[in-house]
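Colleague: Sharing a structure with you now.
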Amino acid sequence: MSIIDGALKANLDYAKRYDPKLGKPPAPQIAVVTCMDPRLSNLPEILGLRQADVDVIRTSPAPMRFFSFRDPEQNTREQIKIVRSHPWIAKDVPVRGFVLDMETGLLREVLAAPRQTAA
């Protein structure tokens, strides 16, 4: 049996216990834009949210273009700026950026502009 045939068989089993009330469109309360890093596959759990409460938008580079960065905070600031400047994002929609500390599992907020130090 092929993978597709197996998926169709599993779908038949699922359909037997399907509840049409679940067919309502999702109404996420938050959208999270993240990289394709597989370590972030459990984002709703990381954020303490139910799957239905979060719309996870995974970004990947265009074919044959590879992006890397050494400074996650600076990259996050740049991404905040890009999202904030998009004409489809209303100015009253909060846009915030965070970096996940892979050692502790804690989120660290990144301010859109770096803090200025007194001279």
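The numbers here are math on the coordinates, done by the rules we state, and not lab data. None of the values given here were measured: they were computed from a predicted structure. Cβ placement follows ideal geometry from the backbone for every residue including glycine, while neighbour counts extend to all protein chains displayed.
Colleague: Kirkwood-based Rg over Rh for region 1-57 (C-alpha set), two decimals?
Modeller: My calculation of the ratio gives 1.09.
Colleague: Something else about it: Mind listing the long-range amide H neighbours of Gly97? Cut-off is under 5 Å, sequence gap 5 or more, other chains count too, H placed in the peptide plane at 1.01 Å from N.
Modeller: Answer set, sorted by chain and number: Val110.
Colleague: Which of the peptides 98-111, 81-94 is most tightly packed, and how do the rest follow, judged by the mean count of other Cβ atoms within 10 Å per residue?
Modeller: Ranked by mean Cβ neighbours within 10 Å, highest first: 98-111, 81-94.
Colleague: I would also like to ask the following. Hey, with R₀ at 35 Å, roughly what FRET efficiency would Lys9 and Ile30 work out to, going by the Cβ-Cβ distance, to 0.05?
Modeller: Taking R0 as 35 Å, the efficiency between Lys9 and Ile30 is 0.50.
Colleague: Here's another thing I want to ask about it. Amide H of Leu49 versus every other amide H placed in the peptide plane: which residues, excluding those fewer than 5 positions away on the same chain, fall under 5 Å?
Modeller: none
Colleague: Put a dot 7 Å past each Cα toward the Cβ at Leu47 and Lys21; how far apart are the dots in nm?
Modeller: A separation of 2.6 nm, rounded to one decimal place.
Colleague: Hey, what D do you get for region 69-119 in µm²/s if you plug the Kirkwood alpha-carbon radius into Stokes-Einstein at 4 °C and 1.567 mPa s?
Modeller: It diffuses with D of about 105 µm²/s by this estimate.
Colleague: Long-range amide H contacts for Val32: which residues qualify at under 5 Å (H placed 1.01 Å from N, peptide plane, sequence gap of 5 or more or a different chain)?
Modeller: Those qualifying (amide H under 5 Å, at least 5 residues apart or on another chain) are Asp55, Val56, Ile57.
Colleague: Separate question: So, in nm, how far is label His86 from label Thr104 when the simple model puts each one 7 Å beyond its Cα toward the Cβ?
Modeller: 3.0 nm
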